[in-house]
1. Scan segment 182-196 residue by residue and report those that are over 15 Å from GLY143 (Cβ atoms) and either open to solvent by less than 30 Å² (accessible area, probe 1.4 Å) or among the basic types (Lys, Arg) (or both).
2. Does segment 64-91 hold any residues that are in contact (Cβ under 8 Å) with a residue 60 or more places away in the chain, assigned to a loop (DSSP other than H, G, I, E, B) and surrounded by fewer than 16 Cβ atoms within 10 Å (Cβ to Cβ), and which are they?
3. Applying the selection to segment 32-55, what residues are free of Cβ contacts under 8 Å to residues at least 40 places away in the same chain and surrounded by 18 or more Cβ atoms within 10 Å (Cβ to Cβ)?
4. If I ask for residues that are of a type in the set (Gly, Ala, Ser) and touching a His at 6+ places or on another chain (Cβ under 9 Å), which ones from segment 167-209 would you list?
5. Could you tell me how many of the residues in segment 207-229 are open to solvent by 20 Å² or more (accessible area, probe 1.4 Å), more than 22 Å from ILE175 (Cβ to Cβ) and not in a loop (DSSP other than H, G, I, E, B)?
6. In segment 207-243, which residues are within 16 Å of the ligand (Cβ to nearest atom) and hydroxyl-bearing (Ser, Thr, Tyr)?
7. Checking GLY42 against (1) part of a helix (DSSP H, G or I); (2) out of contact with any Phe, Trp or Tyr (no Cβ under 8 Å at 6 or more places or on another chain); (3) farther than 19 Å from ALA141 by Cβ, only one condition comes out false. Which one?
8. Tell me which residues, restricted to segment 72-112, are out of contact with any Pro (no Cβ under 6 Å at 6 or more places or on another chain), within 24 Å of LEU307 (Cα to Cα) and not hydrophobic (A, V, I, L, M, F, W, C).
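The values are calculated or read from the model by the stated rules, or taken from the named source; none is laboratory data. The shown structure was predicted, so the numbers you read here are calculated from the model rather than taken from an experiment. Don't worry about glycine lacking a Cβ; one is built from the backbone with ideal geometry, like all the others, and counts go over all protein chains shown. Heavy atoms of the whole protein, side chains included, go into the accessibility calculation; ligands, DNA and RNA do not. Shrake-Rupley method; radii C 1.70, N 1.55, O 1.52, S 1.80 Å.
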Amino acid sequence: MRIGILTGGGDCPGLNAVIRAIVRKSVQSGDEVVGFRDGWRGVLEGDTVPMDLAAVRGILPRGGTVLGTSRTNPYALQGGGDRVLATLERLGVDALIPIGGEDTLGVATKLAEAGVRVVGVPKTIDNDLDATDYTFGFDTALGVATEAIDRLHTTGDSHHRTLVVEVMGRHAGWIALHAGMAGGATVVLIPEQPFDVDAVVEHCQRRFDSGYSPIVVVSEGAKPKDGDWVLTTGEKDAFGHVRLGGIGTALASLIEERTGRESRAVVLGHIQRGGTPSPFDRVLATRFGLAAHDAVHAGETGVMVALRGTDIVRVALTEATAQLKLVPVERYAEVEVFFG
Ligand code: F6P
């Protein structure tokens, strides 16, 4: 069997572990693996790389993706869908395993509807894909964000200033919620709960009054109750997502003005996405890769592998991409207990 693989969207620690697992299992079962470079761009242009044992040697602990990635959306291009189908046909690809988030898997869903045998693997550090308990990459990002908060506590307390940490999380505040809880943040602000600026300032003030300095953890997608996203540029990607970033800096100057104490913003940005994956992410990614290969061999299509409890299961791609997994109110209420 000839299996095509690609990685699409933002990179994520653990992608190489998935690739390695698919290739290792394929070699064992006598399959051939074709890697498409840079996500859907590689499929559109027929840009491929043969994936054999040598190609995956040593990549398990490496961040990023050896295949490269892009946010190319074939369906945003004239005749793009047909070009993808033509490449798969020309290269004799029997099944495709796209590894990606909501956008990449959205394209996968359309291809499955067009008759391509597709098994998706979910990926995003934001952990906002529905139908899976966790996505790999999230645990690594969480580790980076938590370590940053731990470090910021000591410098903040020494200087008696507020430190605002902006973390990733466009629509869902999972990284902020978990890192804020693990790191003992004074306030955690997430996209799902528009925040009241007065309440944020009050929590910071209370923290100063107790003799310590506040740490505010804010998702890049968090918005004030009476405002909108803070954007550095208005630039959009091929899936129509605007580039976020800037809420941390805006909040830091506001808190400084209102508390009368110095404030600094730290934007963790792509540090959360780069580097070596945590053991949890390596194991989850490896199990996803093995399960995707099994699903292809079982003749499945239009499905995605997912983590439910400790089991890897298959779910319909349509179910996985129908809605995002947002932070429920009761999970936010748990971290609110520690505000101030
Ligand atoms: O989707 C994951 C994510 O990390 C989002 O939280 C963030 O908005 C986006 O990627 C930024 O990615 P890039 O800088 O690659 O466009």
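1. As a first pass, look at segment 182-196 and keep what is over 15 Å from GLY143 (Cβ atoms): 184-196.
Listed by number, the residues that qualify are ALA185, THR186, VAL187, VAL188, LEU189, ILE190, PRO191, PHE195.
2. LEU91 - this is the single residue of segment 64-91 that is in contact (Cβ under 8 Å) with a residue 60 or more places away in the chain, assigned to a loop (DSSP other than H, G, I, E, B) and surrounded by fewer than 16 Cβ atoms within 10 Å (Cβ to Cβ).
3. Selection gives VAL33, GLY35, PHE36, ARG37, ASP38, ARG41, GLY42.
4. Keep residues of segment 167-209 that are of a type in the set (Gly, Ala, Ser), which gives 169, 172-173, 176, 179-180, 182-185, 199.
Across segment 167-209, the qualifying residues are GLY183, GLY184.
5. Result for segment 207-229: 1.
6. SER219, THR232, THR233
7. Failed condition: (2).
8. PRO98, GLY100, GLY101, GLU102, ASP103, GLY106, THR109, LYS110
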